[in-house]
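Asks: My questions all concern the structure below.
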Amino acid sequence: RLTIHKHNKKNAERKITKLDYCEYMVEKFGSRAAIFHPKDGKLSLHTTYLVDNRHDDNKDSDDLCAQIATKICASLYDKEKKDFKHLLWQHNVLRLAQWKSVAAILAGIGSAKMSGDAFIKNLIVQIPIQIARGVHNTFQLMYNGEDDQTEYMKSGAVDSYSLCKTIRFGAYDGLIKSWEGDIKIVTSMGKQSTGKSYMLNHLFGTKFDISGGRCTDGAWLSVQILNDTLFILCDFEGLGSFERSPQEDMLLATFNSAISNCTVFKCENRFDRSIEDMFNNFQSGVKIMRGSKNCFAGELLLVVKDIVDTGAEAAVEDFERHIERLAQESPLIKNEQGKKESTFFAVQMYRNGLSIIPYPPLANEKFFVKLNTEIEPSVDDITALHVGGKQFLDHIKLIMSKLHIGDWAAMSDEHAKIRIEELRAVLKNAVLVGATVPP
């Protein structure tokens, strides 16, 4: 025990304990997913406290341990107005003299019925995987979550078709490929340190990395299965940082908008020069990836942070005015139907439209409430552009390979090439035995 005299308390440094990590865990990650979670659902958390009671009274130890969860949740509610009514945090106290086996530690944990298949899927989605990053003005591919370029060199891929067959997403490949239903893709984007990852985690219960500075490098992927829909969640590095060039920002933003059904774009509470420069930079990616109905077909949710109710209307009007000006300043082009349309990035890269959502600051009581009242309806209404995991994997990996090698040919040509090569690969078996797989 450390005794601090009264006159030294002000200058004393508090030692970080393991209990601080418990508080950090429930602070940074959601107590439950805000979107499509059962209304009466509970997230179960169990903690076993090992107590050295040689110098403490047993009753005192039990009482102190019983207060930990309550005090942590109360502290976070005071600081952030984060509600933990959906968190079922249980505990048991085990004294060192009673600790004879791991079974003793697990004795207080209730059992839950789950199939082996469901357990493996649930385990996989707990760990996001990095799939790409911007390096030296290029779009660099990851291999099974690692920066292993030797695998791509060994493949000898010389075009986007052969390269896309080499890209690997680790265990997510098998999970996504086995899915036969609807697939929706939700992504994050915005300036560095605006809380993109934090919002995505609390929306879907994902575990993307969070910190006050730059914490996301490139593009990361996770998955959530909600009812009969597979949600692909992609968290992107903050734009406009010193570590990335405008070219790298443009490539990551192009990839984001090309694959997304709904992009949550978080920005500061005023439309300043940095936001305008960011939007103008996106113009460079407008001509990339044309020719696929599933590219650039999403909606852009512009979430303006730290806006209280009294300033919401003025903030929306300010952003609308600036965005309308940028759209009018953008040159016109003829589309495939021969009609003139703006080259403004929001028109070209988000065909399903743009919405502006003023959002309260973190310490405001409405911060978490609006996840359900403002963000959830927008995500709920998006149309699934992919049915079946194989179709989605072919689509996203083809886009990644084209960005990597700088192939700006029409996507429709590449999809046709993929289908031809797939048919060619199974043609021999189809003719010989009447099946498209080896006998």
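Asks: Pull out the extension gain between Asp407 and Glu23, defined as 0.36 nm times the separation in residues minus the alpha carbon to alpha carbon distance; nm, one decimal.
Replies: 133.5 nm
Asks: What FRET efficiency would be calculated for the residue pair Leu96, Lys207, taking the C-beta separation as r and a Förster radius of 22 Å, to the nearest 0.05?
Replies: After rounding to 0.05, the efficiency reads 0.10.
Asks: Then there's this: Subtract the Cα-Cα distance of Lys154 and Val347 from 0.36 nm times their separation in residues, and report this length gain in nm to one decimal.
Replies: Between Lys154 and Val347, full extension yields 65.5 nm more.
Asks: Then there's this: I'd like to check one number: the per residue accessible area of the stretch 122-229, probe 1.4 Å, reported in Å² as a whole number.
Replies: 40
Asks: Please compute the alpha carbon radius of gyration of the stretch 346-395, then divide it by the globular-protein estimate 2.2 N^0.38 Å. Two decimals is fine.
Replies: Normalised by 2.2 N^0.38 Å, the Cα Rg of the stretch 346-395 equals 1.57.
Asks: May I pose another question? Extending each Cα 7 Å along its Cβ direction at Asp52 and Thr138, get the distance between those two points in nm, one decimal.
Replies: 5.4
Asks: When the chain is fully extended, how far beyond the present Cα-Cα distance does Glu180 get from Ile120, taking 0.36 nm per residue of separation?
Replies: 19.8 nm
Asks: While we're here: Between Glu313 and Arg325, how many nm apart are label points set 7 Å from Cα along the C-beta direction?
Replies: My value for the distance between the label points is 2.2 nm.
The values are calculated or read from the model by the stated rules, or taken from the named source; none is laboratory data. Since the structure is predicted, the reported quantities are computational estimates derived from the model, not experimental observations. When we count neighbours, we look across all protein chains shown, and the Cβ atoms used for this are built from the backbone with ideal geometry, even at glycine. Remember, those area values only see protein heavy atoms, side chains included, never the ligands or the DNA or RNA. Shrake-Rupley method; radii C 1.70, N 1.55, O 1.52, S 1.80 Å.
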